[in-house]
Structure formats: structure tokens, C-alpha cells
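Below is one structure, written out as C-alpha cells; comments come after it.
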Amino acid sequence: MSGHEVPPGAAVGRALAHESAALHVTGQALYTDDLGVRMAGLLHAWPVGSPHAHARVLGLDVSGALAVPGVARVLTREDVPGVNDAGVKGDEPLFPDEVMFVGHAVCWVLADTEDAARQGAAAVQVTYEPLPSLITLREAMDAESFQGAQSTLRRGDVTVGFAGAAHVFEGEFELGGQEHFYLETHASLAHVDESGQVFIQCSTQHPSETQDIAAHVLGLDAHAVTVQCLRMGGGFGGKEMQPHGFAAVAALGAVLTGRPVRLRLNRTLDLTMTGKRHPFHATWKAGFDADGRFTALQVQLTSDGGWSLDLSEPVMARALCHVDNAYFIPHVEARGRIARTHKTSQTAFRGFGGPQGMLVVEDLLGRVAPLLGLDPHELRQRNFYRPGECTPYGQPVRHAERLETIWAELLTSSDFHARHAAVEAFNAANPHVKRGLAVTPVKFGISFNFTAYNQAGALVHVYKDGSVLVNHGGTEMGQGLHTKMLQVAATALGVPLASVRLAPTRTDKVPNTSATAASSGADLNGGAVKDACEQIRARLAEVAAGRLAVHPDDVRFEEGRVFPLGHPERGFPFRELVHDAYHRRTQLWAAGFYRTPGLHWDREAMQGEPFKYFSYGASVTEVELDGFTGAYRVLRADLLHDVGDSLSPLIDLGQVEGGYLQGLGWLTLEELRWDESTGAGRGRLLTQAASTYKLPSLSELPADFRAALLRQATETGVVYGSKAVGEPPLMLAISAREAIRAACAAFGPPTQPTLLASPATPEAAFWALHAARSLLSPPTEPDAPGAIQGVPT
Ligand code: MTE
Ligand code: MOS
């Protein structure tokens, strides 16, 4: 049976609740920080954070801390036996002698209680020599402060494309970052066993890399460090690279004191110390023919990487690979560079640069549509990829026809055209309240751009009683990966779900794992789990074939029974077979492996086929906007998304809805503000609590919210015909932003472009609608301060 076919009675495809749902909602699910209370002699770690955005550390006096009762030790740079670096780029000193952002930890205090550690940290004396700092992206660009590689993605010749264009537009755009705000903040818990083995429990999406970094900080071989992740209370990319340094500090503390060490950031520390989604700046020039089809696109993207590289380079690569979104653009030149600023080191966040790249082209289309005399939905559809076309990086767009299919189905199911007319009628009748309706597509590449990461392992045990234990290399962060892996194992072995259990992710069970990221957790680990199960099943089929007197190929495994093809009545229980097999000395466990076939990527040239396939979707959002305040509500959202043949439809729907809402937060509510003044607080994150950083919640849910999965969408070559789901739906929220733009535009004359800042907060929407309204009659109110933030007028 080939990889995508689903056997009868399969556990995949069933709408199941998350395997830990009951534990989540009753508070019984354990997270890393819940495990420490069970340990005797536990020490708590607290950082001494820099008050400066940029300064040299001239002196460090820890004696005050050691005088605080309960303080056991202060960890400083002199304590590091190995490499004093928390990253993989060699640019993140774990104990720095030059602090690079407000909150940067200079050293860590360990104490019997968290309170004592905190008091100890306050008693540490650090002497700083303040240095000049760059806080905003513009300051960094003006100072030409860049880091890492600059890359260019090119196809054809844009000068030819512009020469042949009927219309050429230019613009500038700036979009904001986003705080992950996972419910569980960063947490690590380390101890050392009797043989000197370091064991770290960590809320990490990348246990193997946490292991590598902890080992190099400690000066140990990787085999001496084990990292386990039970589950995370959300990661969203924020725990892909950022946990390593914290884990290393906890491990160092455990090695030096012989006591278990717990390091958990409280919310303020987490917000001020850890990286966020990259803000981006873009300048662009776009050419269109007389029918509104792209002839060329030239873009310069600059991301704000913060103080160190972290994942900024691959994030930029993904941004450049997504500036096309769903559109065929014959001539493309997209340049990317990463600014260095004195802020937290910006990192992975759901979509990994893809949303930023896509937003640039969607913003551009939303702006120029009126100048081309086209409805935005018409302009978008005209530019869709068609079958046979390639992306600017040379990858054929497999299943491009799904864009049209999804678009057509969604326009029908959302009653788009009738509602569009109704919105126009509403707007004509209401001078002070306007509605906006918009539809936008998503095309998102699945696989890590970095080819080597597209591999995974699993270890599956069948015990003598027929029960099954699954280990795999992926981590669970709420996305439902473990639920899907249980379903895959039960399907591949033909046993009931209830007889399969999943063990926590550990680096000593499955080594050299990739981050659970790029939405590829189920594709990769599913492939590995299936491989392991199929090896076991093949051995069992040999044993069953003897008993049933048939060829091993004709043995069927279904729901815990084994029978000859076509003769379920001749079957017997799986556990009996396992019992027999054991007594015949059959290996009842297997290591599975999967590597995504057919990928190649030239990082320098930015050409190749980095993705196994594309994930498609589209969404329609309708908003209502108040002309006096800029306040808006999302009245209705319709989402249609392609997840192939869903492994777990309830999980996938949850991902689609959750992704949209998280995207809605990024695009409309969440605004990171930093102190840009020259005062003493320069560089401080001003939005360092939920009171000032507005997150989407139940009240922001669209009043009418309809999400659906595309039917008949089998993806051959992926585990049981499924597709990844984790990140792409976030970008469905772009239609909400475009709907807000449409509503703002409705306050002004037609055929004028409407500029909208990102995030499109009510304040931003107010200035946008104010600008639109001013075109009707001379403004009576003062102009917006500095016009619309980040948008040239
Ligand atoms: N869903 C929940 N509930 N919590 C999360 O932290 N992370 C997202 C997405 N969905 C996340 C989530 C991100 S950034 C990614 S890359 C994928 O899940 C990772 O999991 P997967 O590869 O198993 O889809
Ligand atoms: Mo997701 S941003 O790839 O962890």
C-alpha cells in the first residue's frame, strides 16, 4: 500500500479531541515547571538584567547577593567550563560583557526560594558604561546597522518587466512584530544524576538543539546531556531557539551546585527578555499590464532582527520565498537584509517570515487595486498561479488549480457577491458607519528551507501484551501532534487507539531531531512512526501468515484483529499474534526514519525546490467600522483551508480557527511599543504586560465564524494523504486587514488608494479613514501626527 492510502477502519481521519484535552481543562496536565516541586533541594534562578539598551559591563560585584539569606550561588561568565554562547551563530554570549538590550541577563542568582533569588539579583552591583543604541528599524537602516547574510531572490529582469508595464507603482510599507504570549512562559529544570549525566526538562520545540547548546556550554559531549519535553503550553515558534540559553543556565547551576535548578521566567521577564516576530520594512515597485496582471515586482525587505541573528536569516529566506504569495510574477527581484537593533533577538513566529513577505504583496494589491480600476478580489484572482507555472525560486507550483477551486467554493459558500452588493448599499445609506468585505488567498510552502532539517525519527515498542508505546522526535505544544501520532500508529499497526500510548519527547530515545516547526511535525514524525510500525507489522505478518496459511502480503491488521484478506471471520486477536511472535523470538520494536524526498535548495542562489508541496487556503472577512473612533468589529469570517486528507479533522479545524485568530491579533490589535526616547528608559519594552499589550480574546472572535476544510484534497506522498496545518491559517487573517482597508476607503471617494498601518489598530484605522474622508472635503481637523505611522503619504 503506498504512503497516502488509508486502510479501512483507520484511526486517522477521525474527529478526535486532543489527547490531553481533559487534562488541559482540569488543570491536571503537567508542564515543565510543575515538575520541580517534587525535587528535594531545588534551587531557583533569577537574572540580573541590564537597565541599558546598550552598554559595556565594566564591573560585577556579587557579594551583596551572597549575603542574602538563601542565596546559594551566583553564576557568572567565569563559571562556564565550555563555550560561553547560547546560540548556534556564535553571536549570543550567555554571560555578556556587553549588554545589547534592556533586560539582557548579565548573570544569574541561584537561591532556595524564588524570592531570595530575586532579592539576591537586586543586590548584585553591576558597573556599566552606556553606549549609543539603535532602537527603531529606521535608526538601524540610517546607521546601516545590519547583520548576517543579505540575500536576493531573482527571476528574469525587472527592468524588462517595468518597460513592458502599462502601470508602474512604488510604495513603502512597515509592519509590526508580535509577542508569542504562549500561556506557559519559558521554563527549564535541570539536575545531575549519580553518573554525572545532565538531565534537562525544558519547554522547548527543539530538544536536540537545546541538548547541543547545553552540552557546549558545559563542555560535555552530547551523550552526557539528555533533554526531555513533556509538553508545552504553547510555543508558536518562540521556543524554537530561545529556550537554549535558559536551559544551559539551569544545567550549569545544577552541575556546579549538585542541586536541581529551576529557571522559569515570569511574564514580565518573558516579555522583556525573549524574541518576538520580526517587524519588517519594505520598499517596492510593481508593474502591471493593462489587464492588471503583474509584469514585475522589485522589493527590498529589511527585518528588525534585534541584537543577535538567532533565526533571522532563515526567517528572511522564507519571507523572500513568500512575497509572491499566490501570484505569478514574471520578473522578480526581492532583496532581504537584517537590521541589528538593541532589542530582544527576534525569532521564529508562526509562519516564520512567510506572513511578513505575503503581507507586503497583499498590502500592495490592496493599495493599487483602485488605481487599476479593479475590485481587489478581481485583481487578486487575475494574478493567481496557473498549473505549470513556477515560483521565482524555480519550484513548480503543484496543485495550483486548488487556488481557483478554493476561491470559487469560498465565494459561493460565503455568498460573497450578494454580500458585496449589500455592503455597498449599507455604505451608501450610512455616513458614519461603513462596512468592508474582502477575500484573500494563501499559498504557503511546506518543509524547512534548510533541507537537512527535513528528517525525523521514531521508536515504537510493541509489548508482549499487544500494547504499543510510541516515541517520536516531535514536541507537543497544543497543536495536536501527539494526537495525530497516536492515530498514525494505531492505523499502521491496525490496533485500537486505546492500546497505543505516547511517551514524552526525549533526546535519549530519538536522537538528532529537528525542531518541531515549519508546520512539518506531523509530516516528518508521522512518516517515521509509520515506518517503524510497518517494520513491526511486516515481521508480525510473517508469523500470522504461518498460522493462517496465507502469504504474508495477504494478512490484514484491523482494529486489533488479524485475518486473511477477504476473511475477517478467520481472524484472531492482535495480542495473540504478538504473544506467538514473542515466543518465536521476533523483534517487537523498531526505529523508524523518514526523510522528505525530492528537496533541494541552493541558499546562495535562492533557487531550488525547497518545499514538498504548498498549503492553500482563502478567507472572506467582513468588518464594520465606526467613522468617529476607528473602532471596528469583525462581523463574519469564512475560512476554507486545504489540509489534504485530514489526519485529525477536529485538531485541524482548531488549528485553522486558532491560526486565523492569532493572525487577527497580529494584524489588528497587537502593538509592541518600545521607549524610543533619549531618556533613561530608552530601549525599554513599554508593552510588557497584558494590560498594555492587547491580545485577541473571545470578544474579538468574529460574531459569525465559519471554518471548513477543503474536501477531496488527498496529497499523495505525505503520510495518509494529509497536509501540514500549523502555520498557514495565520495568514488567512489578511482578509480582515483588507476588509478594514475597504471600510476606511468607503469614507472617501472611489479610485483612491487607502494606506493603512500595520497593525491596523482602531487608531490606525481612524487615521486611514480620516485621510480618505479628507479627500471628499478639506480637512477641518488637524492632520495626523506624522501622518500614518510607517506609511508615506
Ligand atoms: N498550535 C498551538 N496550539 N500551539 C502552538 O504553539 N505553534 C504553531 C502551530 N500551531 C502552535 C500551534 C507553529 S509556529 C508551528 S510551526 C506548528 O504548530 C508546529 O507544529 P506542527 O509542525 O506539528 O504543526
Ligand atoms: Mo513554527 S514558527 O515554525 O515554530
Hey, how many Å between the Cα centroid of region 280-318 and the Cα centroid of region 84-155? 27
May I ask you to derive the relative contact order of region 491-627, considering only C-alpha pairs under 8 Å and at least 6 residues apart, and to give it as an integer percent? 24
For an R0 of 45 angstrom, estimate the FRET efficiency from the Cβ-Cβ distance between Tyr463 and Leu775 and round to the nearest 0.05. 0.05
Please report, as a whole percent, how much of the solvent-accessible surface of region 73-140 comes from carbon and sulfur atoms (probe radius 1.4 Å). 47
Where a Cα-Cα gap under 15 Å defines reach, which aspartates and glutamates qualify for Lys434, not counting those fewer than 8 residues away within the same chain? Glu424, Glu622, Glu624, Asp626, Glu738
Taking the alpha-carbon set of the chain, what are its Rg and Dmax in Å? 27.5, 92
I'd like to know which of His482, His583, Leu252 lies farthest towards the positive end of the charge dipole of the chain, counting +1 on Cβ of Lys and Arg and -1 on Cβ of Asp and Glu. His583
Report the charge-dipole magnitude of the chain in Debye, nearest 20, computed about the Cα centre from +1 at each Lys and Arg Cβ and -1 at each Asp and Glu Cβ. 1040
For the pair Ala122 and Arg585, the simple spin-label estimate (label points 7 Å beyond Cα toward Cβ) gives in nm 6.9
How large is ³J(HN,Hα) for each residue in region 727-737, as worked out from phi by the Karplus curve 6.51 cos²θ - 1.76 cosθ + 1.60 (θ = phi - 60°), to whole Hz, x for Gly and Pro? 9, x, x, 4, 7, 5, 6, 4, 5, 5, 4
Residue separation times 0.36 nm, minus the C-alpha to C-alpha distance between Phe426 and Thr26: what's the value? 139.4 nm
Using the Cα gyration tensor of region 565-607, with a ≥ b ≥ c the square roots of its eigenvalues, what is the shape: rounded (a/c below 1.5), prolate (a/b larger than b/c) or oblate (neither)? oblate
How long is the gain from His223 to Ala40 if the chain were fully straight, where each residue apart is worth 0.36 nm and the alpha carbon distance is subtracted? 63.3 nm
Can you give me the Cα centroid spacing of region 657-696 and region 455-472 in angstrom? 43
Links that overshoot a 26 Å alpha carbon limit, given the list Lys464/Lys723; Lys239/Lys285; Lys694/Lys723; Lys239/Lys343; Lys89/Lys285; Lys89/Lys530: Lys464/Lys723; Lys239/Lys285; Lys694/Lys723; Lys89/Lys285; Lys89/Lys530
The extension gain from Phe450 to Ala605, computed as 0.36 nm times the residue separation minus the Cα-Cα distance, is 54.4 nm
Applying the Karplus parametrisation 6.51 cos²θ - 1.76 cosθ + 1.60 with θ = phi - 60° to the phi angles of region 396-406, what ³J(HN,Hα) value in whole Hz is obtained for each residue in order, glycine and proline being reported as x? x, 8, 5, 6, 4, 5, 5, 4, 5, 4, 5
Of the residues Leu263, Val470, Asn427, the Cα lying farthest along the dipole of the chain towards its positive end, which is defined by charges on the beta carbon of Lys, Arg, Asp and Glu, belongs to Val470
For region 280-417, the dipole about the Cα centre with charges only on Cβ (Lys and Arg +1, Asp and Glu -1), to the nearest 20 debye, works out at 500
Would you mind working out the magnitude of the charge dipole of region 523-671 relative to its Cα centre, with +1 at each Lys and Arg C-beta and -1 at each Asp and Glu C-beta, to the nearest 20 Debye? 1060
Accessible area in square angstrom per residue, the chain, 1.4 angstrom probe: 36
For region 1-67 and region 245-262, distance of Cα centres in Å: 16
Pop a pseudo-label 7 angstrom from the Cα along the beta-carbon direction at both Asn266 and Gln197 and give the gap in nm to one decimal. 3.6
Provide the packing ranking of 587-597, 182-192, 610-620, i.e. peptides ordered by the mean count of other C-beta atoms within 10 Å per residue, highest first. 610-620, 182-192, 587-597
Efficiency of FRET from Cβ geometry, Thr152 and Ala67, R₀ 51 Å, rounded to 0.05: 0.35
Can you give me the long-range amide H partners of Ala105? Hydrogens built in the peptide plane at 1.01 Å from N, cutoff under 5 Å, separation of 5 or more residues or another chain. Ser50
Between Thr113 and Phe572, how high is the FRET efficiency from 1/(1 + (r/R0)^6) when r is the Cβ-Cβ distance and R₀ = 45 Å? Nearest 0.05. 0.15
Hey, could you grab the Kirkwood Rh for region 104-217? Inverse mean 1/r over distinct alpha carbon pairs, Å, one decimal. 21.1
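The values are calculated or read from the model by the stated rules, or taken from the named source; none is laboratory data. These numbers were taken from a predicted model, which means no experiment stands behind them. Note: ideal-geometry Cβ built from the backbone for every residue, glycine included; neighbour counts use all protein chains shown. We work out accessible area using only protein heavy atoms, side chains counted, and drop any ligands, DNA or RNA first. Shrake-Rupley method; radii C 1.70, N 1.55, O 1.52, S 1.80 Å.
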